[in-house]
Amino acid sequence: MSAPELVTVTVDDVEVQVPRSTGLVEAALAAGIEIPVFCYEPRLGPPVGACRMCLCDVEGMPKPQTACTMTAQDGMIVRTALTSPKAADAQNATLEFILVNHPLDCPVCDKGGECPLQDLTFRYGPGNTRMTFPKRTFEKPIPISPTIALDRERCILCYRCTRFSESVSEDTQLVALNRGAQSVIATFEDEPYRGAFSGNVIELCPVGALTSTQYRFEARPWEIQNVPTVCGMCPVGCNISATTREGKLKRILSRNHPEVDEGWLCDKGRFAFSHLDAPDRVREPLHRARRALSWDAALDRAEQLLRDAGTHIVTALSGSETVEQAYALGKLLRQGLGAHAAVMPEIENARLLDGFRLPLSAIRDADVVTVLGDEPVVERAPIVDLWLRAARRNGAEILYELDEDKVRGAERAILIWSGPDGEETLALHAQRLGVQGAFYLPRGPNARGVAEAWAAAADVEEAENPEPIKLLVISGDEALANTDVCALAEQAETVLAISMFSAPARGVADLVLPATSYLERDGTYVNLEGRVQRLRRAVIPPAPDELAWISMLAARFGVELSPYTASVFDELSALIYDGIPFGAVGEHAPLHTRSAPSEPAAPPQRERVEQGRGLRLVAYRPLFSGAAVERVPELQFQRPAPEVELAHADARKLGVAGGDEVEIRSNGTSARLRARVSRTLAAGTVRAADEHVRGLAPYVEVTKA
Ligand code: SF4
Ligand code: SF4
Ligand code: FES
C-alpha cells in the first residue's frame, strides 16, 4: 500500500502534517490543540454540524466554520478560540445558546461529574448567564424503554442518539419530532425502544438527557470505581468497564476496543449484570439444591461422589468457565480420575480456525462476507451483526449462501458460521476457498478457551460416554439449561452441579456448588476471534471462587493445582499460549496470529435433508434469554416476539404475508405465531426462538391460521 499524501495545516500557529482528508478536529489534536465538540462522533458516520460548538476561524473564510465538517487541506491556517477572538465569540455565543433552555441541574443530574456539557461550559463557556426568563420544562422522566429514561429539557439536540439508531444499529426507532425550537427526541409512535443495541445511546448522549433506569440516582462519579474487564455474555468479548460503588455493581460501560467492539455493547451485556443479586443465587453448597451444607461437608460429599463414580463420569461444560477453571476441572477429572467424557460447548477443536484469525473489525473492510449456519447472527454474537451492517454500508456484498465464484474473486473475503456444529465445515470451506478470515460463533462466551484448556489438561483423546453414567458434573447454568445435558441428567445416577442459581438445579442435582459470575472472577476468556482477554474481578462473589475449591478437591486426589489464577494461567500458557505471562495479557489484548494445525479439517458430515417432510425448523436460543436475562426485570420487554420467520419463496407458496398468523404443526404438537418474511433465510427453512416452538420436531408443516 502506498503511503498517504501528507498536507500541512497550521492550527493556532502550530504547524502539523497529517494525511489529506484528515478531519480538522483530528488535525488540531495532532497539533496538541483540542477543539470542543458535542455532536461530532466519527463512529456515527459523516458529521452533521448540528451543535456549532467546534466553530473556528479559518483563514480566507469570512465567517467562523464548523471544524468537524471540514477536512485538512494543504496550507490551511486555522485559529481556534484560544487565539482568535472571532472563534471565541462564536463559541461563547454557541454555548450560551445551548444553555438557554438547559436546566443546569448538575447537582442532581446523573451525568454531573462526567458530562461533556458541564466540562466544556466550565472550560469554554461564559462566566455567567444573561438568561432571566423561566426555562422550558417537560414532563420527566419520559420512559424511552424500561432501560432508558429521557429528561427532555436537558437535550441539546446533537442528534447523536438518532444517528446511532439510524446509521449504526439501523433500527430507526429513535427520531427527532417537529422542527426548529420545537424539535424533540422520541421513539416512533411512543413505542418502547426495543432493539439489541439501544443502551448505546445512553453513553453517546453528551448530556444527562438519556440515562439508564438502572443507574439513575445510584451513584456520583467521585464515589465509584471503574474496573476494566470483558463481557462474559457471548463470544464477542466486548471490552467493558464495570462501575461499582461500595462493593456493589452499578452499571456496565463500554471500553472501546477498536478491533473487537468499536465501543458498542449490546443490551444484554450492558443491562443483565443485576442477575448477580437474584433471590435464588447459590451462596453456599446445597444438598439437592435445597438444604445448605458446610464447605467441609460439601467437599467430603463431592469427593465421595467422584470416588464412587471413578471413570464413569461425564462432564458438561458450558463455555462460560474461565480458561483457568476449565483447565483446573480438566486436571481434577481427567488427570485425577481418568474421566475423559465431556459435553463441550459447541466447540470440538478450538485450533481448527487458527490459520484464519482476523480482528472482527476486518469484517467492515471486507469485499464479500458470507454468513452460513442457520441462526441469526445478532442472537449469537450481537456485535458481529453491527460489523456486518458497517461492511454493507462500506459497499461489501453480504451473502447468505455460499457463492464460490464471488468468494474466490474477492480480494478480501470472510466467512462466518452462525449456528451449532459448523466449525469443521467452516474450516474446510476456508481452506478450500483460501479466504482471508473465518469466524465461528459458538454459544459459550469462552467456548474456544474452554475447549483448548480442557484438552490441554490431559494428553488423552476424549472418550465416549461411559455406561452407566455414575456421575454427571454440570458446570454452569447454561449447561444446566441445555436439553442434551438434561437428557444425560435423566440417565446419570448422581449429578453434581456448579451453578449460580438454585432453581434450575432443583430436582436435577444431588449436590450444588456455588458458581461465580464473569464479573466476580479473575482469569482469562478467549473470544470468537481467538483473542485471549483478561477478566478482572469487579465485585466479591458471595462464595469462594471455583479455583479455590477445585484445588482443594484436586489435592484429595493427589493432583497438584494452584488456587491462584495467575499460577494456573502460567502453567497452561506454557502449554498452549507460547508462555505469555498472566500479567502480559493486557487491558486491550492484541490478537496473536497462529498458524493453522497441520492436519486439514475433516470433510463435514452432510446433513441429510429429508424430502417431503415439510419445512425444516431452526429453533434458536434468543439473545434475550437464559438464566441471567430471566432474572433482570428491565430486560423482559426484550424477550422475543412470538414470531416465525419464513423464507420469501415459501411464504409466497403458502400464501402467507408478513404479520399473518400461521400454525406450525408436527407430531400432534402445534404453535400459533405471527409470520415474518425473510429474504435471507434459505427456502425450505423456518426459524423461531426456541421458547415459542418447544416440542416441535425438526420438520414442521406451516399453514395460514
Ligand atoms: S437526547 Fe442526548 S444524544 Fe439525543 S439529541 Fe438529545 S442531547 Fe443528543
Ligand atoms: S455483544 Fe456479547 S460480549 Fe458484547 S456486550 Fe453483548 S453479550 Fe457482551
Ligand atoms: S461538533 Fe461540530 S457542529 Fe457539533
Practice problem: Assess whether residue 398 counts as being in contact (Cβ under 8 Å) with a residue 12 or more places away in the chain, touching a helix residue (DSSP H, G or I) at 6+ places or on another chain (Cβ under 6 Å) and surrounded by fewer than 20 Cβ atoms within 10 Å (Cβ to Cβ). | Solution: yes
Self-check item: Cβ-Cβ under 6 Å pairs, at least 6 apart or on other chains, the range 184-210 side without any contact (Cβ under 8 Å) to a residue 24 or more places away in the chain, far side part of a loop (DSSP other than H, G, I, E, B)
Solution: 188/173
Practice problem: May I ask you to list the residues in the range 167-200 that are over 17 Å from residue 213 (Cα atoms) and either in contact with a helix residue (DSSP H, G or I) (Cβ under 9 Å, 6 or more places away or on another chain) or within 16 Å of ligand 2 (Cβ to nearest atom) (or both)? | Solution: 167, 168, 169, 170, 171, 172, 173, 174, 175, 176, 184, 185
Quiz prompt | Residue ID - farthest from residue 653 (Cα to Cα), chosen from residues in the range 678-705 that are touching a strand residue (DSSP E or B) at 6+ places or on another chain (Cβ under 7 Å) and among the acidic types (Asp, Glu) | solution = 690
Practice problem: Please report, ordered by residue number, the strands (runs of 3 or more DSSP E) entirely within the range 1-70 with at least 1 residues that are more than 10 Å from ligand 3 (Cβ to nearest atom), surrounded by fewer than 19 Cβ atoms within 10 Å (Cβ to Cβ) and charged (D, E, K, R). | Solution: 14-19
Quiz item: Is it the case that the range 174-192 has a residue that's surrounded by 15 or more Cβ atoms within 10 Å (Cβ to Cβ), of a type outside the set (Lys, Arg), in a helix (DSSP H, G or I) and at pLDDT below 95?
Solution: no
Quiz prompt | Some residue of the range 207-223 being surrounded by 15 or more Cβ atoms within 10 Å (Cβ to Cβ), over 26 Å from residue 120 (Cβ atoms), more than 16 Å from ligand 1 (Cβ to nearest atom) and small (Gly, Ala, Ser) | solution = no
Practice problem: Search the range 466-497 for residues being among the small types (Gly, Ala, Ser) and in contact with a Pro (Cβ under 9 Å, 6 or more places away or on another chain), and hand back the single one that is surrounded by the fewest Cβ atoms within 10 Å (Cβ to Cβ). | Solution: 481
Exercise. Please enumerate the residues belonging to the range 234-254 that are in a loop (DSSP other than H, G, I, E, B), farther than 16 Å from residue 360 by Cα and of a type outside the set (Asp, Glu).
Key: 247
Quiz prompt | All positions within the range 257-274 that are surrounded by fewer than 22 Cβ atoms within 10 Å (Cβ to Cβ) and more than 16 Å from ligand 1 (Cβ to nearest atom) | solution = 258, 259, 262, 274
Quiz prompt | Among the candidates 329, 358, residue that is surrounded by 21 or more Cβ atoms within 10 Å (Cβ to Cβ) and part of a helix (DSSP H, G or I) | solution = 329
Quiz item: Which condition does residue 380 not pass, out of (1) at pLDDT 95 or above; (2) over 30 Å from residue 321 (Cβ atoms); (3) not polar (S, T, N, Q), if it passes all the others?
Solution: (2)
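The values are calculated or read from the model by the stated rules, or taken from the named source; none is laboratory data. Everything numeric here is computed off the predicted structure, so don't read it as measured data. Quick reminder, even Gly has a Cβ in these numbers, built from the backbone with ideal geometry, and neighbours come from all protein chains shown.
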